[in-house]
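Below is one structure, written out as structure tokens; the observations come after it.
The values are calculated or read from the model by the stated rules, or taken from the named source; none is laboratory data. Computed from a predicted model, the values in this text were never measured in an experiment. For neighbour counting, all protein chains shown are included, and Cβ atoms are generated from backbone atoms with ideal geometry for every residue, glycine included.
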Amino acid sequence: MKLKDKVAVVTGGAQGIGAAIVRGFAAEGAHVVIADMAIDKADALARELGGKATAVQLDVRDLASIEAMVDSVTRTHGGIDILVNNAAVFDMGPLLEISERSFDLQFSVNVKGLLFTLQAVAKRMVAQGRRGKIINMASQAGRRGEALVAVYCATKAAVINITQSAGLALIKHGINVNGIAPGVVDTPMWDQVDALFARYEN
């Protein structure tokens, strides 16, 4: 029970890697807030975990939605000890066919959403006057380029740099910021990735 009595927020926590983190945190004693656009899936996971989790609808592209989530969690649970910035989207295609819509969506979720969720939670952690942990989900894609994945790679490179900058900025407040950069993980999102690679590489 390493996380007993801690309050953890996991964005994009309703499925895939996020859901696995939610289950792991709950098993270690945390109360986990599953913050996700897919509120039906988030509610279902919260019910599965009983009193160890609650669901909150969150669209990380919308700063008002982020603030509402942070306010709700703080009112209900008294504060936030841990944030896992996991919400992300993926798209790919030949460099000469990248659309503005695809670019804007990936950067708005993977970079803007991550940064402003981190900022809103960090402000609350500072106001609480107690230490906190922030974990950003990057990717091995952020450490190299890929011919078909230029935009996604760029967003995850940005996540790595934001993580490093935030770590330096927030350590004086007792807030520890780290990143995780997974490779291939067998989740519903990878089914989408695999299908796109199959389309473009054939």
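Only residues that are under 15 Å from GLY93 (Cβ atoms), of a type in the set (A, V, I, L, M) and part of a loop (DSSP other than H, G, I, E, B): list them for the range 138-158, please.
Scanning the range 138-158 gives ALA147, LEU148, VAL149.
Quick grid of which residues meet (1) touching a residue at least 24 places away in the same chain (Cβ under 8 Å); (2) under 15 Å from ALA157 (Cα atoms); (3) more than 10 Å from the chain's Cα centre (by Cα):
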site: GLY78; (1), (2), (3): yes, no, yes
site: ILE82; (1), (2), (3): yes, no, yes
site: ASP91; (1), (2), (3): yes, no, yes
site: LEU95; (1), (2), (3): yes, no, yes
site: ASP104; (1), (2), (3): no, no, yes
site: ASN110; (1), (2), (3): yes, yes, no
site: LEU114; (1), (2), (3): yes, yes, no
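Inside the range 184-195, can you point out the residues that are among the charged types (D, E, K, R) and either at pLDDT 70 or above or in a helix (DSSP H, G or I) (or both)?
ASP191, ASP194, listed by residue number.
Give the range 15-35 a look and list any residue that's closer than 18 Å to VAL70 by Cα and either exposed (fewer than 15 other Cβ atoms within 10 Å of the Cβ) or touching a Leu at 6+ places or on another chain (Cβ under 6 Å) (or both), or say none.
If the condition is that a residue be closer than 18 Å to VAL70 by Cα and either exposed (fewer than 15 other Cβ atoms within 10 Å of the Cβ) or touching a Leu at 6+ places or on another chain (Cβ under 6 Å) (or both), then ALA30, ILE34, ALA35 are the ones that fit.
For the range 145-183: of the residues being charged (D, E, K, R) and at pLDDT 95 or above, which is surrounded by the fewest Cβ atoms within 10 Å (Cβ to Cβ)?
Among them, the one singled out is LYS172.
How do the helices (runs of 4 or more DSSP H) wholly within the range 36-115 filter down when requiring 1 or more residues that are touching a Lys or Arg at 6+ places or on another chain (Cβ under 7 Å) and surrounded by fewer than 18 Cβ atoms within 10 Å (Cβ to Cβ): which remain?
63-77
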